[in-house]
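Reading through the structure tokens given below for one structure.
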Amino acid sequence: MERYVTAQQMREIDRIAQEEFGIPSFILMENAGRSCAEIVENTIKDRARMHNQNSSNRSKIVVVCGKGNNGGDGFVCARHLINRGFEVMIFVIGKSDELKGDAKVNYDILKKMDADIRALAYQSMEFFKQELGHAALVVDAIFGTGISREIREPYKTIIENINESQCIVVSLDVPSGLDATGGRMLGTCIMANKTVTLAFPKTGLAKGDGPHHAGEIIVADISIPKHIFMDRIKI
């Protein structure tokens, strides 16, 4: 039976993995993004088979990234999808100079690859909506487990635009706008077809609004040794 963790428990697991076991945060982010890319690729291929299409890698994918580590996971996912031959457009919410740490490193890699990266704010919202209309799938990498306040603008409108699109939506870790522990929708929330949750599923995916918004839940192995934490974190 799969064990569920709260956001606080997951933070402690991340801390132990990095500080005591020496697993670099950059490796955890790389594994998270790569795992998501694999699931996105399989989802696109399944869709292509359903529509009797041969060239599934021609499908356009939009990756929407916030400024935190969840956005960093999205940058890694985008890189792997580009390397696999997909047409990928990356939207970064806010200013790229506000990115830090591993997220900034992975953003810079995409820049050096000449990836199609766009800043997303109110003035570019119509263009964003147009691109959603041309996409087969959206990767939601806006918010991870750290969000607990009500969703404000421009995030609210961005999430609503994604929900109103006809795209398949794959969320990274939790659907953006869902409280990862309690499962409460924080004003608005992504309606995901699939949620690629990292290391352990989060309790909010099974509570409250979680089951309605998460879609199919897939647990991604990001190299954290699970058995170490079962007793220590009281999962």
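Numbers for the structure displayed
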quantity: Residue within region 195-214 that is at pLDDT 95 or above, more than 23 Å from residue 43 (Cα to Cα), surrounded by 20 or more Cβ atoms within 10 Å (Cβ to Cβ) and of a type in the set (Ser, Thr, Tyr) present; calculated: yes
quantity: Residue identified as surrounded by 14 or more Cβ atoms within 10 Å (Cβ to Cβ), closer than 27 Å to residue 225 by Cα, among the small types (Gly, Ala, Ser) and in contact with a Lys or Arg (Cβ under 7 Å, 6 or more places away or on another chain) among 7, 17, 78, 32; calculated: 7
quantity: Qualifying residues in region 99-119 (those that are surrounded by 14 or more Cβ atoms within 10 Å (Cβ to Cβ) and small (Gly, Ala, Ser)) - the one farthest from residue 18 (Cα to Cα); calculated: 115
quantity: Members of region 120-157 that are β-branched (Val, Ile, Thr) and exposed (fewer than 15 other Cβ atoms within 10 Å of the Cβ); calculated: none
quantity: Selection status of residue 140, touching a residue at least 60 places away in the same chain (Cβ under 8 Å), in contact with a helix residue (DSSP H, G or I) (Cβ under 9 Å, 6 or more places away or on another chain) and at positive phi; calculated: no
quantity: Scope region 20-29; condition surrounded by fewer than 17 Cβ atoms within 10 Å (Cβ to Cβ) and assigned to a helix (DSSP H, G or I); matching residues; calculated: 25, 26, 27
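The values are calculated or read from the model by the stated rules, or taken from the named source; none is laboratory data. A quick note: this is a predicted structure, and the numbers were derived from the prediction, not measured. Positions of Cβ are backbone-derived with ideal geometry, glycine not excepted, and every protein chain shown enters the neighbour counts.
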